[in-house]
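Just below is one structure, and these are the notes that go with it.
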């Protein structure tokens with residue numbers, strides 16, 4: 001037992017506190033961090049109520065002990081892993097649906113609920129939270145709010161944040177406050193809700209979220225378009241968005257990604273650039289499908305196949321969701337670096353795709369490109385030999401240059417994964433010193449002792 005955290009045994013039940021190495025080690029990493037070099041927390045706690053969270057954080061603040069919020073561990077930039085030991089606050093047991101209000105199109109949930117579980121609960125009312133990321137089956141609403149998550153359907157439905165109305169938050173001092181409003185709009189005071197969203201657990205711990213819901217579409221069509229070249233595919237996506245095609249999902253898959261999918265996900269995709277599409281409507285969906293077909297034909301689409309067959313659509317999107325997991329086993333000598341998460345204005349989408357392809361060819365390094373093309377989001381994997389320092393250095397240089405070019409184009413280093421530890425160095429590239437200092441000032445105001453998720457977001461120097 002770590003003596004400086006012994007006060008936890010007085011605040012929580014014994015089954016809510018663990019000093020065991022296995023529990024601590026599990027929460028020293030997330031999907032994007034090295035499994036061998038994580039910093040272990042001194043203790044893991046599982047609060048089961050807002051009162052538990054407030055009690056732990058109040059005591060930790062009084063003892064000046066770091067607290068790292070944690071839930072599913074599916075983040076990719078070290079957002080939820082400790083850098084200064086201390087307490088890991090795992091909210092995964094706070095996973096209840098508190099109240100569904102179908103007449104208001106709202107639901108109140110605790111932060112540890114998985115996205116798909118939320119949607120399963122509200123489905124009986126014909127409702128849905130449509131903006132969830134593709135990891136919704138294994139990631140929590142609290143984590144999505146902390147990382148300002150989005151996903152495949154952002155092009156139509158926006159980010160998760162666009163559906164958040166009100167949050168109950170425990171601040172780093174242990175005080176509890178409600179920010180936002182259950183009303184669909186409010187102008188009362190500073191918009192603290194938006195400060196909490198995307199703050200990666202550095203300003204407060206969300207203990208309840210009220211989110212807006214939408215109706216489930218009556219008509220859904222989905223399929224894929226195949227192109228002869230990645231440039232044509234990227235330009236087709238940009239043209240579709242600029243032309244106002246009402247598409248719910250529009251995802252780019254390059255030929256390399258298709259090859260990897262075929263080999264390790266047992267799919268039957270052509271080894272060619274593709275665009276996966278899905279359309280949602282309550283009536284007249286065929287007009288939108290034909291509109292998209294006409295736009296794609298202007299870019300010499302090879303085939304454009306869309307249907308309402310549930311099985312075919314399910315297989316299509318399952319392959320897309322699982323794609324990121326297929327790159328590690330693809331080549332025994334190569335491993336992917338942490339996936340890129342750049343986003344550019346839609347008019348620059350073809351340019352950043354072309355730039356990535358050119359870097360790959362210039363350095364003879366495989367770079368896979370796929371992602372939420374409709375909102376200009378590119379996920380990329382740079383494949384390197386992890387045992388060759390020169391290979392790793394080259395891969396990291398490619399990724400760095402891609403981020404730099406993205407920012408030059410008016411884009412962002414992270415569209416949805418957050419800054420965490422991995423993107424700290426790019427914050428100064430993306431924001432002016434005055435803006436970063438304003439962020440630091442906000443952090444100091446909320447967290448005067450710097451106890452909540454320290455070491456995240458901000459570059460070390462400055």
**Prompt:** Among (1) surrounded by fewer than 18 Cβ atoms within 10 Å (Cβ to Cβ); (2) in contact (Cβ under 8 Å) with a residue 12 or more places away in the chain, which single condition is residue 369 missing?
**Reply:** (1)
**Message:** Suppose we keep only residues that are crowded, with 20+ Cβ neighbours inside 10 Å and over 31 Å from the mean Cα position of the chain (by Cα) within segment 1-33. Which one would you say is farthest from residue 54 (Cα to Cα)?
**Reply:** 5
**Asked** Are any of the residues in segment 152-171 over 25 Å from the mean Cα position of the chain (by Cα) and at positive phi?
**Response** no
**Message:** Looking only at residues that are in a loop (DSSP other than H, G, I, E, B) and touching a strand residue (DSSP E or B) at 6+ places or on another chain (Cβ under 6 Å) in segment 130-159, which one is surrounded by the most Cβ atoms within 10 Å (Cβ to Cβ)?
**Reply:** 152
**Message:** Checking the condition surrounded by 14 or more Cβ atoms within 10 Å (Cβ to Cβ) and touching a strand residue (DSSP E or B) at 6+ places or on another chain (Cβ under 8 Å), which residue from 265, 252 passes?
**Reply:** 252
**Message:** Anything in segment 49-73 that is touching a helix residue (DSSP H, G or I) at 6+ places or on another chain (Cβ under 8 Å), part of a loop (DSSP other than H, G, I, E, B) and within 16 Å of residue 93 (Cα to Cα)? List them, or say none.
**Reply:** 71, 72, 73
**Request:** From the list 456, 400, pick out the single residue that is out of contact with any strand residue (DSSP E or B) (no Cβ under 7 Å at 6 or more places or on another chain) and not in a helix (DSSP H, G or I).
**Result:** 456
**Prompt:** Can residue 103 be described as over 23 Å from the mean Cα position of the chain (by Cα), at pLDDT 95 or above, outside the structural domain of residue 39 (by TED's automatic domain parsing) and surrounded by fewer than 19 Cβ atoms within 10 Å (Cβ to Cβ)?
**Reply:** yes
**Asked** residue 414 versus (1) farther than 30 Å from residue 173 by Cα; (2) in contact with a strand residue (DSSP E or B) (Cβ under 9 Å, 6 or more places away or on another chain); (3) in a loop (DSSP other than H, G, I, E, B): which is the lone unmet condition?
**Response** (1)
**Asked** Here is a list of conditions, (1) surrounded by fewer than 20 Cβ atoms within 10 Å (Cβ to Cβ); (2) in contact with a strand residue (DSSP E or B) (Cβ under 6 Å, 6 or more places away or on another chain); (3) farther than 19 Å from residue 310 by Cα, and residue 259 meets all of them except one; can you say which number that is?
**Response** (2)
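The values are calculated or read from the model by the stated rules, or taken from the named source; none is laboratory data. On a predicted model such as this, the values are computed, not experimentally measured, just so you know. Note: ideal-geometry Cβ built from the backbone for every residue, glycine included; neighbour counts use all protein chains shown.
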